[in-house]
Amino acid sequence: MPDNGPAPLLPADFLFGAATASYQIEGAVNEGGRGPSIWDTYSHTPGAVLRGENGDVACDHYHRYPEDVALLTELGVGAYRFSVAWPRIQPSGTGPANPEGLDFYDRLVDELTASGIEPVVTLYHWDLPQALEDAGGWRVRATAERFADYARILADRLGDRVTRWITHNEPWCAAFLGHALGRHAPGTQEGTPALAVAHHLLVSHGLAARELRASAAEHGRAAEVGITLNLERLVPATDSAADRAAVDRAETLHNRVWLDPLLLGRYPDNEAETWGALADGSYRRDGDLEVIGQPLDFLGVNFYRPTKIADAPHTEPDPARRTAIDIGTSSPRFEGVRHTTMDWPVVPSAFTDLLVDLHRRYPGLPPILITENGSAEEDTDRTGERVHDTDRIAYIRDHLTAVAEAVKAGVDVRGYFVWSLLDNFEWAFGYERRFGIVRVDYHTLTRTPKDSYHWYRETIREHAAAHGTTA
Ligand code: GBH
């Protein structure tokens, strides 16, 4: 048992979990009647992913899920967050459900509940059926309507065992990395369409939330609906007015474009400053804000690192050719702190600041679940079967402590999911970046718990013991 410092004390009913996502772990892309997704297309596009890697096999979780549930059981987590691959449920994104796809998640949910682990289900972690992309993808409203149909299918089938639903994971990535930076599927650099995507993702969240709740009501079940955002802690590079204005624009691009409609029922007031002519809003319709702004049962927050923001020239001088992320900012490096293999600065206090600030700025804030937090490390310090990932242990411990500080300051945080249970397909970075607390050998697909897994298990046990409950 590695001793890497004590675990922080969190409330007695605090939920400890682990998280994954479908395309990053499942593999078996041509099995069980699954249709292609935009990530199959994108990862098979030369030059898109580091070393040309893709999710065809990934961790082979589709076949090895009993072993992965056994790892979760031994870990002692109260909950497991996973995502459903829409193209397993509706191979072309519309029409009747594919029974084999539903059966897979049905078995997974059964294994989890049999082990006393709550399944927390994300509906969309970026694997859009390719057929829907071909019909316009998230640029068109119809995709939001199809998403609601898909949500209904899942709620009807799994809602007897699943209570907590996350409609979207990090819509910022789906909208802006996908359609403006072009570093995620579908991999384009568009202007206004990226903003239409953001809006349609929010509308789809609202439409799906209604279906999840309607299904629960009809069946006499409970449903709790949330959405997961990758909120950014943005720090001005200097105290200058220009840098502070740059932070305001970045706040809008990263945080407020989601938080304001979800929690305040309106879009940010500085859209024009942020996007100029792109922010024409023509894709918005009367009634949309009401659909988007219905009450959330919880807000999912993913946090990894803060970002420093400075005022900078636009990268595209022609406003007509600008993409939606070109808002006249740059991100200088944090000096004097450790950086992980993602080259992300490790600043745990920024996590506390983010949560406390969120709590102050949004008075009607629902309870928060930390749906992802973790660190990519080299994991080169190994003896035999052991992986001595002391940096990852320190990262998780210090970020859990940062959460505990936020709770002390009055923020209602109910749980924490470590990203990730397994090393997995890290999107544009392929398999080179490892976030797992369990090592995956991609030749043999053998799973080996790292020291951080043992540390996390001990932390969960100590938490239960300190509160006089059993893990
Ligand atoms: C989360 O994204 C995801 O939900 C999860 O699937 C992922 O594995 C995890 O974090 C770790 O990254 O350099 O321009 O290509 C966090 C946000 C967005 C961070 C994409 C990495 C790469 C941007 N991620 N980003 S770029």
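The values are calculated or read from the model by the stated rules, or taken from the named source; none is laboratory data. The structure presented is a predicted model; accordingly, all values stated were derived computationally and were not measured. Don't worry about glycine lacking a Cβ; one is built from the backbone with ideal geometry, like all the others, and counts go over all protein chains shown. Surface areas here come from the heavy atoms of the whole protein model, side chains and all, with no ligands, DNA or RNA. Shrake-Rupley method; radii C 1.70, N 1.55, O 1.52, S 1.80 Å.
With N denoting the number of residues in the range 49-134, provide Rg(C-alpha) divided by 2.2 N^0.38 Å, to two decimal places.
Cα Rg divided by the expected 2.2 N^0.38 Å: 1.21.
So if R0 is 25 Å, what FRET efficiency would S331 and D381 give, r being the distance between their Cβ atoms, rounded to the nearest 0.05?
For R0 = 25 Å, the calculated efficiency reads 0.25.
Quick one: net charge around T143, please, counting Lys, Arg +1 and Asp, Glu -1 for every other residue with C-beta under 14 Å from its C-beta.
That works out to -2.
Based on the Kirkwood radius over alpha-carbon pairs, what is the Stokes-Einstein translational diffusion coefficient of the chain at 10 °C with 1.306 mPa s viscosity, in µm²/s?
This corresponds to a translational diffusion coefficient of 71 µm²/s.
In square nanometres, what is the average projected area of the Cα convex hull of the range 266-411?
Projected area, direction-averaged: 12.7 nm².
Given the DSSP H assignment, sum -39500 (n - 2.57) over each helix run of at least 4 residues in the chain and divide by its residue total; what's the result at 222 nm in deg cm²/dmol, nearest 500?
Rounded to the nearest 500, the figure is -11000 deg cm²/dmol.
Considering the Cα trace of the range 332-471, what is its radius of gyration and what is Dmax, both in angstroms?
16.4, 51
Using only alpha-carbon positions, what ratio does the radius of gyration of the range 207-248 give when scaled by 2.2 N^0.38 Å?
2.21
How big is the range 80-119 by the Kirkwood estimate over distinct Cα pairs, in Å?
Result for the range 80-119 stands at 10.8 Å.
List the GluC sites (Glu not before Pro) within the range 235-342 that DSSP assigns to loop and that have no more than 13 neighbouring Cβ atoms inside 10 Å.
E335
Just in the range 358-435: which GluC sites (Glu not before Pro) are loop by DSSP and have at most 16 other Cβ atoms within 10 Å?
Listed in order of number, the matching sites are E378, E385, E432.
Which of the trypsin sites (Lys or Arg not before Pro) across the range 295-367 are loop residues per DSSP, with 14 or fewer other Cβ within 10 Å?
Those satisfying the criteria are R333, R338.
May I ask you to list the residues of the range 280-321 whose amide nitrogen lies under 17 Å from a point 7 Å from Cα along the Cα→beta-carbon direction of A241?
Within reach of a label on A241: 311-312.
Find the centroid of the Cα atoms in the range 259-333 and in the range 367-442, then give the distance between the two in whole Å.
So the two Cα centres are separated by 28 Å.
Using a probe of 1.4 angstrom, how much of the accessible area of the chain is carbon and sulfur, in percent?
For the chain, the apolar C and S fraction of the accessible surface comes to 49 percent.
How much FRET efficiency would the formula 1/(1 + (r/R0)^6) give for A114 and T469, where r is the Cβ-Cβ distance and R0 is 22 Å, rounded to 0.05?
In this case the efficiency is close to 0.60.
May I ask for the percentage of alpha-carbon pairs in the range 158-299 that lie more than 24 Å from each other?
Value for the range 158-299: 36 percent of Cα pairs lie more than 24 Å apart.
5 Å is the cut-off here: which amide hydrogens, built 1.01 Å from N in the peptide plane, fall below it relative to V120, excluding neighbours closer than 5 in sequence?
Answer set, sorted by chain and number: Y80, R81, F82.
Mind giving me the FRET efficiency for D412 and S349? R0 is 22 Å, r the Cβ-Cβ distance, nearest 0.05 is fine.
E(calc), rounded to 0.05, equals 0.65.
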